[in-house]
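**Student:** Take this structure, written in structure tokens, and hold onto it; I'll ask about it next.
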Amino acid sequence: MHVGSICKRDVTTITVNTPLTEAARTLCESSSEAIVAIASNVRQPTAVGILTDRDILRALLERGGDVSGARVVDILSRNPLVLSQDEGIEDALSRLRACGVEHAPIVGPGGTLCGTISQREILEHQLQQSA
């Protein structure tokens, strides 16, 4: 089974140039634990990273609580983990763990964003399958 078959398809996105304060507000208002950063608002978005509440907290701590003027691009990892929708579930979980990240965007053909996945979601799926 592939991660594309179990990933969340309803993805909240922001552009990399979004002010960090706006991104934090978007994350709080969304029902997800992470939002995907995209290069620009286009019909077929390309994922360039993922932003979590932990990333925002880290930025706050590093900047002494002042993130005014900071943009999403300023705190995104430079080499984010992005998984293919065709990647096997076990391989995806191994890669998430090896990179030390909880969430990753899922992309389809041409790098087009199609969902997100987390370690927890994969583990829950595996538990359901073994029950």
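**Student:** How many residues are part of a strand (DSSP E or B) and either of a type in the set (Lys, Arg) or surrounded by fewer than 20 Cβ atoms within 10 Å (Cβ to Cβ) (or both) if we restrict to the stretch 83-112?
**Tutor:** Summing the residues that are part of a strand (DSSP E or B) and either of a type in the set (Lys, Arg) or surrounded by fewer than 20 Cβ atoms within 10 Å (Cβ to Cβ) (or both) in the stretch 83-112 gives 3.
**Student:** Could you say whether any residue in the stretch 6-20 is assigned to a helix (DSSP H, G or I), farther than 27 Å from His125 by Cβ and out of contact with any helix residue (DSSP H, G or I) (no Cβ under 8 Å at 6 or more places or on another chain)?
**Tutor:** There is no residue in the stretch 6-20 that is assigned to a helix (DSSP H, G or I), farther than 27 Å from His125 by Cβ and out of contact with any helix residue (DSSP H, G or I) (no Cβ under 8 Å at 6 or more places or on another chain).
**Student:** Select, from Val107, Val67, Val82, Val101, the only residue that is at pLDDT below 95, touching a Pro at 6+ places or on another chain (Cβ under 6 Å) and not small (Gly, Ala, Ser).
**Tutor:** None of the others qualify; the one that does is Val82.
**Student:** Separate question: Would you confirm, using the coordinates I've provided, whether Ala23 is part of a helix (DSSP H, G or I), touching a residue at least 40 places away in the same chain (Cβ under 8 Å) and in contact with a Leu (Cβ under 8 Å, 6 or more places away or on another chain)?
**Tutor:** Answer is yes for this residue.
**Student:** Pick out the one residue from Glu22, Glu33, Glu29, Glu87 that is among the acidic types (Asp, Glu) and at pLDDT below 90.
**Tutor:** Glu33
**Student:** Could you check the stretch 40-60 and list, in sequence order, the residues that are over 18 Å from Cys28 (Cβ atoms) and aliphatic (A, V, I, L, M)?
**Tutor:** Listed by number, the residues that qualify are Val42, Ala47, Val48.
**Student:** Tally time: how many residues in the stretch 41-84 are touching a strand residue (DSSP E or B) at 6+ places or on another chain (Cβ under 9 Å) and of a type in the set (A, V, I, L, M)?
**Tutor:** Within the stretch 41-84, residues that are touching a strand residue (DSSP E or B) at 6+ places or on another chain (Cβ under 9 Å) and of a type in the set (A, V, I, L, M) number 13.
**Student:** So, one more: Determine whether Pro80 is in contact (Cβ under 8 Å) with a residue 60 or more places away in the chain, within 18 Å of Lys8 (Cβ to Cβ), surrounded by 12 or more Cβ atoms within 10 Å (Cβ to Cβ) and not polar (S, T, N, Q).
**Tutor:** For Pro80, the condition - in contact (Cβ under 8 Å) with a residue 60 or more places away in the chain, within 18 Å of Lys8 (Cβ to Cβ), surrounded by 12 or more Cβ atoms within 10 Å (Cβ to Cβ) and not polar (S, T, N, Q) - is not met.
The values are calculated or read from the model by the stated rules, or taken from the named source; none is laboratory data. What you see is a predicted model, and the numbers here were worked out from it, not measured in a lab. In this analysis, Cβ positions are derived from the backbone assuming ideal geometry, glycine residues included, and neighbour counts consider all displayed protein chains.
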